[in-house]
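The next block holds one structure in the form of structure tokens; read it before the comments.
The values are calculated or read from the model by the stated rules, or taken from the named source; none is laboratory data. What you are looking at is a predicted structure, and each value in this text was computed from that prediction instead of being measured. No Cβ is skipped: glycine too gets one built from the backbone with ideal geometry, and neighbour counts run over all protein chains shown. Accessible surface is based on the protein model in full, side chains and every heavy atom, while ligands, DNA and RNA are left aside. Shrake-Rupley method; radii C 1.70, N 1.55, O 1.52, S 1.80 Å.
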Amino acid sequence: MSDRVDILCVTAHPDDAEISCAGTILRHVSQGRSVGLVELTSGELGTRGTPELRRAEAEASRVVIGAAFRYDLGLADGFFQADRASLITVITAIRRHRPQAILTNAMRDRHPDHGRGASLVAEAGFLSGLRKVITQFNGVDQEVWRPTTVLHAVQDRWIDPDLVIDISLFWEGKMEALRCFKSQFHDPASTEPLSPISRPDFLPFLEGRAREMGRLIGVEYGEGFTMERPLAIGDITSIG
């Protein structure tokens, strides 16, 4: 595993990245950027599937997306908090991979893990730059690292975006990655309980959301993000 990446996507559950920002990841991979995927949990409380099945599905999606690696941090699905132990766990991952940018969950969403995860990752991103916060990986003290950018995806609930990424050329790739999670989305042959994302209208909803985001910037499909600080622009004539 090559540890350092340009972009680290840290989300609460397997499939969060695919739902919220797979098009953005695919776009940047196509531009030669390295991307790693990290989940806070294995999604063990999910209504459908098992952690083992979801991990296999996540790995299949990783291959489609072209991410360098994918693993989870072992936090408790549904119950993790931004306590010291959880923060240290996330800081260790950030310092290990030293990304310029982090993609993470929405600051508020239908699933409470998304908002908690977003806050946890953002706080860890800041603390990761403090030299008096000591962490180790494989028994070796880590160097401090603070990502330049933390972006929060828009997932289930609508949030006005601060920026939108054009994913028009990568929509089909996003859908291919989503289809890897067969246990989670609509399958007429499944006998498992219905969940909000396994309803037959969920993937059409995602397409409508992507079209709505795209419409904001005059393209076919888009993915929206919010930022915790203003976007730095050096040339206003380069704004798309």
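Here is how the numbers come out for the structure above:
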item	result
The chain: equivalent-ellipsoid semi-axes (sqrt of 5 x gyration tensor eigenvalues, Cα, Å)	26, 23, 16
Loop-resident sites, the range 128-185, for trypsin sites (Lys or Arg not before Pro), counting at most 16 other Cβ within 10 Å (DSSP)	131, 132, 157, 182
Expected-Rg normalisation [2.2 N^0.38 Å, Cα atoms] applied to the range 41-96	1.26
Per-bin percent of Cα-Cα distances, the range 1-141 [10 Å]	12, 44, 36, 8, 0
Stretch gain in nm, segment residue 237-residue 191, where the contour uses 0.36 nm per residue and the Cα spacing is subtracted	11.1 nm
Restricting the range 1-109 to chymotrypsin sites (Phe, Trp or Tyr not before Pro) in coil, as DSSP defines it, with at most 11 other Cβ within 10 Å	79
Whole-number accessible area per residue in Å² for the chain, which is evaluated in the context of all protein chains at 1.4 Å	48
Carbon plus sulfur fraction of accessible area for the range 64-120, probe 1.4 Å, in percent	55
Cα-based Rg / Dmax (Å) for the range 104-221	18.3, 54
